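Worksheet for the structure shown next.
The values are calculated or read from the model by the stated rules, or taken from the named source; none is laboratory data. None of these values were measured; they are calculated from a predicted model. Cβ placement follows ideal geometry from the backbone for every residue including glycine, while neighbour counts extend to all protein chains displayed. Just the protein is used for accessible areas: all its heavy atoms, side chains included, with ligands, DNA and RNA removed. Shrake-Rupley method; radii C 1.70, N 1.55, O 1.52, S 1.80 Å.
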Amino acid sequence: MKVPFLDLTSPYLELKDELDAAYQRVMESGWYILGKEVDAFESEFAAYCETKYCIGVGNGLEALHLIVRAYGIGPGDEVIVPSNTYIATWLAVTHAGATPVPVEPVESTYNIDPSLIEQAITPRTKAILVVHLYGQTADMDPINALARKHGLKVIEDCAQAHGARYKGRRAGGLGDAAGFSFYPGKNLGALGDGGAVTTNDPELAERIRVLRNYGSQIKYHNEVVGYNSRLDELQAALLRVKLSRLDEWNDRRRQVAAQYMRELAGQQHLTLPNVPEWAEPVWHLFVVRHAQRDALQKALNEAGIGTMIHYPIPPHLQPAYADHNLNEGNFPISELMAKEVLSLPMGPHLGGEDIPTVIGCVKIACDKKSKDLRSI
């Protein structure tokens, strides 16, 4: 029995009638850019995230970049970022002309370590860009306290955390502003690219609305050097349908994660996710660790179990950042994670036999690996 890592067909089939109706509504309207569907989605998603404002943009990277740009952060400035994240977090800072300054994660949660942030702050630091990795929020209270102490902005990268909560509060409203991605594989995924910014700051919201649309509020009158980064009407309409099911689908993810946690507990040499008492994750990914990760992945793939590695190369070791003179050994926790993490199948549409099959194959593979380890 094969279990794919990600199933993008079943979500459409479950919502086919509603999604087809949304598509038909947009096509018949004859209006495809910045219309009623975007306005409605922005209102609905702001309410969902418990924020005052939402601005739909082209994708998640541009959401983060526009926040950095709107805060006036640029050349000569620094932004604290996690060393353990997808490279888009760093690129948002780089695209604004500023310098990403990496900080190591808490090893048990994979998220940025608040206790290490202050030592990375310099007179040039302007913001802390926090990632809620794999669908679990970072520890925000100490981060916000540090930001207030040093006069810094706190930006959330919520690309993997649609609906996640920290001490009862939604991701997207835990800092000064947040960037979301609606890439198809996300918990709230479009049928193409899309993104959004959420914030409670009316001035920031207005600046981003101008920046996303060529720097213009009035057609052919350009106030600033802006960008073309707009969530389109069709994606907004489709996202509205899926937003109405997001909590239900996140609950299904939690059920999958609970079964993994329960039945894989105590497996030798396999490290399961750790969930602090203040976190309510939405399990965008279910990430385990194993010292023989590559061999484990090979065994699972041979058994028909789809897996992925998030992420095999930390940003500081990517050729794109070679000019930052960050070398192997500079961020040992992130480098170790890159060698050990493995994402198991996760999603709201895994079938009844899928999860037992994955669990059984993981146990068999880990048992074989444990025997191999004992023979060393």
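If you check every pair at least six apart or on different chains, which have Cβ atoms under 6 Å apart with a residue in segment 142-162 that is within 17 Å of residue 69 (Cα to Cα) first and a residue that is among the hydroxyl-bearing types (Ser, Thr, Tyr) and open to solvent by 20 Å² or more (accessible area, probe 1.4 Å) second?
Sorted first by the residue in segment 142-162, then by its partner, the pairs are 153/71.
Can you tell me which of (1) within 24 Å of the chain's Cα centre (by Cα); (2) in a helix (DSSP H, G or I); (3) under 23 Å from residue 6 (Cβ atoms) is the one residue 295 doesn't meet?
Condition not satisfied by residue 295: (1).
So residue 67 clears everything in (1) open to solvent by 80 Å² or more (accessible area, probe 1.4 Å); (2) modelled with pLDDT of 95 or more; (3) farther than 19 Å from residue 232 by Cβ; (4) not hydroxyl-bearing (Ser, Thr, Tyr) except one condition, right? Which one?
With (1) open to solvent by 80 Å² or more (accessible area, probe 1.4 Å); (2) modelled with pLDDT of 95 or more; (3) farther than 19 Å from residue 232 by Cβ; (4) not hydroxyl-bearing (Ser, Thr, Tyr) applied to residue 67, the lone miss is (1).
Taking residue 50 as meeting all but one of (1) within 16 Å of the chain's Cα centre (by Cα); (2) assigned to a loop (DSSP other than H, G, I, E, B); (3) acidic (Asp, Glu), write down the number of the exception.
The failed condition is (1).
What number of residues within segment 7-18 are surrounded by 14 or more Cβ atoms within 10 Å (Cβ to Cβ) and in a loop (DSSP other than H, G, I, E, B)?
Total satisfying the criteria: 2.
Can you work out which of the residues in segment 19-57 that are of a type in the set (Gly, Ala, Ser) and farther than 21 Å from residue 201 by Cβ is surrounded by the fewest Cβ atoms within 10 Å (Cβ to Cβ)? Full working, then the answer.
Taking segment 19-57 and keeping what is of a type in the set (Gly, Ala, Ser), we get 21-22, 29-30, 35, 40, 43, 46-47, 56.
Okay, now just the ones that are also farther than 21 Å from residue 201 by Cβ, so 21-22, 29-30, 35, 40.
On the way: 21: 13, 22: 21, 29: 13, 30: 7, 35: 16, 40: 13.
The qualifying residue surrounded by the fewest Cβ atoms within 10 Å (Cβ to Cβ) is 30.
Filter segment 216-234 down to residues that are open to solvent by less than 20 Å² (accessible area, probe 1.4 Å) and within 27 Å of the chain's Cα centre (by Cα), then give me how many there are.
So the first thing to find is which residues in segment 216-234 are open to solvent by less than 20 Å² (accessible area, probe 1.4 Å), and the list is 216, 229, 231, 233.
In the following step, the residues that additionally are within 27 Å of the chain's Cα centre (by Cα) were identified as 229, 231, 233.
Within segment 216-234, residues that are open to solvent by less than 20 Å² (accessible area, probe 1.4 Å) and within 27 Å of the chain's Cα centre (by Cα) number 3.
In the set 264, 238, which member is open to solvent by less than 70 Å² (accessible area, probe 1.4 Å), farther than 26 Å from residue 138 by Cβ and either modelled with pLDDT of 95 or more or β-branched (Val, Ile, Thr) (or both)? Break it down stepwise before answering.
Details: 264 fails: farther than 26 Å from residue 138 by Cβ.
Just a single option satisfies the conditions, and that option is 238.
Tell me the residue from 334, 343 that is among the polar types (S, T, N, Q) and not in a helix (DSSP H, G or I), please.
On the way: 334 fails: not in a helix (DSSP H, G or I).
One residue alone meets the criteria, 343.
Among (1) at pLDDT below 95; (2) open to solvent by less than 20 Å² (accessible area, probe 1.4 Å), which single condition is residue 269 missing?
Checking residue 269 against (1) at pLDDT below 95; (2) open to solvent by less than 20 Å² (accessible area, probe 1.4 Å), the one that fails is (2).
When residues of segment 293-323 are filtered for being buried (at least 16 other Cβ atoms within 10 Å of the Cβ) and either in contact (Cβ under 8 Å) with a residue 60 or more places away in the chain or farther than 23 Å from residue 97 by Cα (or both), how many remain?
Restricting attention to segment 293-323, the residues satisfying the condition of being buried (at least 16 other Cβ atoms within 10 Å of the Cβ) are 293, 296-297, 299-300, 303, 305-311, 314-317, 321.
Adding the requirement that they be either in contact (Cβ under 8 Å) with a residue 60 or more places away in the chain or farther than 23 Å from residue 97 by Cα (or both) leaves 293, 296-297, 299-300, 303, 305-311, 314-316, 321.
Total satisfying the criteria: 17.
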